[in-house]
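Student: If you scroll down you'll find the structure; I have some questions about it.
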Amino acid sequence: MIVALLLVLCSGLTHAVWNLFTKTSKNKRVFLWWIHIFATVTLLPNFIMELSKGGFGYKGILLMGGSLLFQCLYILLLPRAYERGDMSRTYPIMRGTGALLVPIVSVWLYGESLSLVGWLGVLSIAAGLFVIGGFAGKRVKGEHSMMYYLVPAFMNGLCITGYVLIDKTLLHYLSPLSLLELGNIAYILILTPIVLRSGEMKKELAINWRTISVGAVLSPGSYFLFLLAVNMAPLSHVAPIREMGTVFGTLLGVFLLKESNGWQRIAMSGVITAGVISIGFWGTP
């Protein structure tokens, strides 16, 4: 469990960093395309070789289609969420939805279990995430309504819940690397027509080539680390712990992007951290 915990924490940190890069990019869809095209090309030969072996059956094919669908929807909604709200507001709502729903569904779907302290940890994480996301704050005059940024962020969270739950089963059919490539293919399928129409490929690369280079490693690497952890520990344990990435993302948003309500969001980050510690040390019944 200790190795899985370290993998998930590293996954959360790398996820927060590449999301920060996305938030600060000029054209977010073009940026996302660039950071995934390199991984797609690199992993494609291994993916084709694994698919050529067959043995998936109709169930495996349906699961791959379901994961691909949820990932495509996630890709479409992610730039919209960041265009509408601060990173330290939208990111916690996206991650909080999954942090709450994945353990609940995985306990029912996969027969996993959490101790009472573990469930309290899940609730602490979800509560902290939603408070950071603005559920407990007052709307500033002239600011958009909560629904303006809540809808794409919440829908994104549902997509995360969907593909994470499916990918747990897909690990019986595909290796973590091939499962990672399935997500990369979703990015390229959805974003390529949008990127070509924008005509900003060269411009985005010229402006952000440094963060694109780092993001090309961190984005696929983040989910790869998470998939390795899922192979070692119950999904109901590792999925909430990954939301330490929200703590990292909130701190990056507050201190680097100078986003508002910093102290409240930092305090709620402490609540999330306490929940993660509870699950990590006392989550097993």
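Student: Name the residues in region 239-285 that are of a type in the set (Asp, Glu) and over 19 Å from the mean Cα position of the chain (by Cα), would you? Write out each step before concluding.
Tutor: In the first step, residues of region 239-285 are kept if they are of a type in the set (Asp, Glu); the result is 243, 259.
The one that is of a type in the set (Asp, Glu) and over 19 Å from the mean Cα position of the chain (by Cα): 259.
Student: If I ask for residues that are surrounded by fewer than 21 Cβ atoms within 10 Å (Cβ to Cβ), modelled with pLDDT under 80 and of a type in the set (Phe, Trp, Tyr), which ones from region 105-163 would you list?
Tutor: Residues satisfying the conditions are 130, 135, 148.
Student: Looking for something in contact (Cβ under 8 Å) with a residue 40 or more places away in the chain, open to solvent by less than 30 Å² (accessible area, probe 1.4 Å) and within 20 Å of residue 226 (Cβ to Cβ) - is there at least one such residue anywhere in region 47-54? Before the answer, list the steps.
Tutor: Here is the first cut: in region 47-54, the residues in contact (Cβ under 8 Å) with a residue 40 or more places away in the chain are 47, 50-51.
Narrowing further to those that are open to solvent by less than 30 Å² (accessible area, probe 1.4 Å): 47.
Now restrict to residues that are within 20 Å of residue 226 (Cβ to Cβ): 47.
Within region 47-54, one or more residues are in contact (Cβ under 8 Å) with a residue 40 or more places away in the chain, open to solvent by less than 30 Å² (accessible area, probe 1.4 Å) and within 20 Å of residue 226 (Cβ to Cβ).
Student: Also: Of everything in region 12-38, what is under 17 Å from residue 195 (Cα atoms) and of a type in the set (A, V, I, L, M, F, W, C)? Give them in sequence order.
Tutor: Selection gives 30, 31, 32, 33, 34, 35, 37, 38.
Student: In contact with a His (Cβ under 9 Å, 6 or more places away or on another chain) and buried (at least 19 other Cβ atoms within 10 Å of the Cβ): is that true of residue 4 in this structure?
Tutor: Numbers: in contact with a His (Cβ under 9 Å, 6 or more places away or on another chain): yes; buried (at least 19 other Cβ atoms within 10 Å of the Cβ): yes.
Criteria met by residue 4.
The values are calculated or read from the model by the stated rules, or taken from the named source; none is laboratory data. Small disclaimer: the values here were computed from a predicted structure and weren't measured. Cβ: placed from backbone, ideal geometry, glycine included. Neighbour counts: every protein chain shown. Just the protein is used for accessible areas: all its heavy atoms, side chains included, with ligands, DNA and RNA removed. Shrake-Rupley method; radii C 1.70, N 1.55, O 1.52, S 1.80 Å.
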